[in-house]
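Worksheet: the structure to be examined is printed underneath.
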């Protein structure tokens, strides 16, 4: 994917500045994102089945399934710090190839501990590719293009949530749990193939030089109030998302809703509107600014929480749609903000943001899992609401230096 944006931008200029080049760039970015993180949440569609298979509690199984976020948090931070020394193309390619290994081994995981370790390994590989791609976009896209590029990448992420869950439920229901993981290992390899052929057509990336160490860069980013708030915001966003879309699975399969495994997969068509709305994140930022766009997204997510407590499927589904639209839109805005607000060492900034983001997912699954097991779904939703409220407060501080962004 090295110089892919510049390559497609050149094609756009040759065509007179029309949209096909931009559309092609967005498509490639989105598909790459899809194949990078399709494993992350696909397993949630079969969470009740895995709980029965390993004979554990919902909280224990949710922590195991979401253990990938621990690997992603660690890899995001480490890869971000080493980013100046890593060739973008090679790093993304190797990460996706290695990802297929633990994905395939999940098919034969004998116990919950092994399952958890393999999910962590998946997270390490996914975050490596994810972090390097975000760093690349921040470095290669102009300020005008960056919001749209990040929105395209997060849109691919949203699509992976929808399609991954649907496919996971369908394959597990038809061929069993083991076949599900083998199929997703093939998708990982497909992602590596896409990156290989896409990157091969671009010029090699220029050697990156740095004037400070990755540790110094990390400290500088944490000393930046706007970036510090963005890191915490990312934590809260995935905390809320995990809390909603992990434990709602158990609500949907229990009375009075009592959905089958296949029906549970189809429910995740609720992500379809998010695929459309997230594409407009870049335009919303350009017109209204980062903070108003994020506040609007968080309000939408907050409105979606009360319907989740209903015993009527259509109300629960509407709540899922609103929470999905709000959290993904906010994620697209926050991700792009980090890329624009970091004064140099964007790889370190992106890695730090992703580490906080995915750590929020792990903490969310653990904390909200305890709330769910002990006090039920209402307590879990209340925890999600608290996270959304904190995210709204943190957004106040997303004000980068005037030289970095003209609007906040």
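Consider residue 271 carefully, then state whether it is in contact with a helix residue (DSSP H, G or I) (Cβ under 7 Å, 6 or more places away or on another chain), crowded, with 21+ Cβ neighbours inside 10 Å and touching a residue at least 40 places away in the same chain (Cβ under 8 Å).
Numbers: in contact with a helix residue (DSSP H, G or I) (Cβ under 7 Å, 6 or more places away or on another chain): yes; crowded, with 21+ Cβ neighbours inside 10 Å: yes; touching a residue at least 40 places away in the same chain (Cβ under 8 Å): yes.
When the stated conditions are applied, residue 271 passes them.
Within segment 169-183, residues that are farther than 16 Å from residue 38 by Cα sit with their Cβ atoms under 6 Å from residues that are at pLDDT 90 or above, at 6+ positions apart or across chains, in these pairs: 178/107.
Taking the options 300, 338, 363, 367, name whichever one is surrounded by 24 or more Cβ atoms within 10 Å (Cβ to Cβ) and in contact with a helix residue (DSSP H, G or I) (Cβ under 8 Å, 6 or more places away or on another chain).
Just a single option satisfies the conditions, and that option is 338.
Of these, 61, 126, which one is at pLDDT 85 or above and under 21 Å from residue 346 (Cα atoms)? Please lay out each step first, then the result.
Details: 61 fails: under 21 Å from residue 346 (Cα atoms).
Answer to the check: 126.
Yes/no per residue for (1) more than 24 Å from residue 45 (Cβ to Cβ); (2) touching a helix residue (DSSP H, G or I) at 6+ places or on another chain (Cβ under 6 Å); (3) modelled with pLDDT under 85:
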| site | (1), (2), (3) |
| --- | --- |
| 135 | yes, yes, yes |
| 143 | yes, no, yes |
| 167 | no, no, no |
| 172 | no, yes, no |
| 179 | no, yes, no |
| 185 | no, yes, no |
| 188 | no, yes, no |
| 191 | no, yes, no |
| 240 | no, yes, no |
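Taking (1) at pLDDT 80 or above; (2) not in a helix (DSSP H, G or I) in turn, residue 209 satisfies each apart from (1). The single condition from (1) more than 29 Å from residue 350 (Cα to Cα); (2) in a helix (DSSP H, G or I); (3) without any contact (Cβ under 8 Å) to a residue 60 or more places away in the chain that residue 257 fails is (2). Based on this model, can you work out whether residue 348 counts as farther than 21 Å from residue 68 by Cβ, modelled with pLDDT of 90 or more, out of contact with any strand residue (DSSP E or B) (no Cβ under 9 Å at 6 or more places or on another chain) and not in a loop (DSSP other than H, G, I, E, B)? The answer is no for residue 348.
Out of segment 305-324, which residues are modelled with pLDDT of 95 or more and closer than 19 Å to residue 233 by Cα? Answer for segment 305-324, where residues must be modelled with pLDDT of 95 or more and closer than 19 Å to residue 233 by Cα: 305, 322, 323. The sole residue among 314, 377 that is touching a residue at least 12 places away in the same chain (Cβ under 8 Å) and surrounded by fewer than 23 Cβ atoms within 10 Å (Cβ to Cβ) is 377.
On inspection, residue 324 passes the criterion of being surrounded by 24 or more Cβ atoms within 10 Å (Cβ to Cβ), touching a residue at least 40 places away in the same chain (Cβ under 8 Å) and part of a helix (DSSP H, G or I).
The values are calculated or read from the model by the stated rules, or taken from the named source; none is laboratory data. This is a predicted model, so every value here is computed, not measured. Neighbour counts are summed over all protein chains in view; Cβ atoms, including those assigned to glycine, are modelled from backbone coordinates with ideal geometry.
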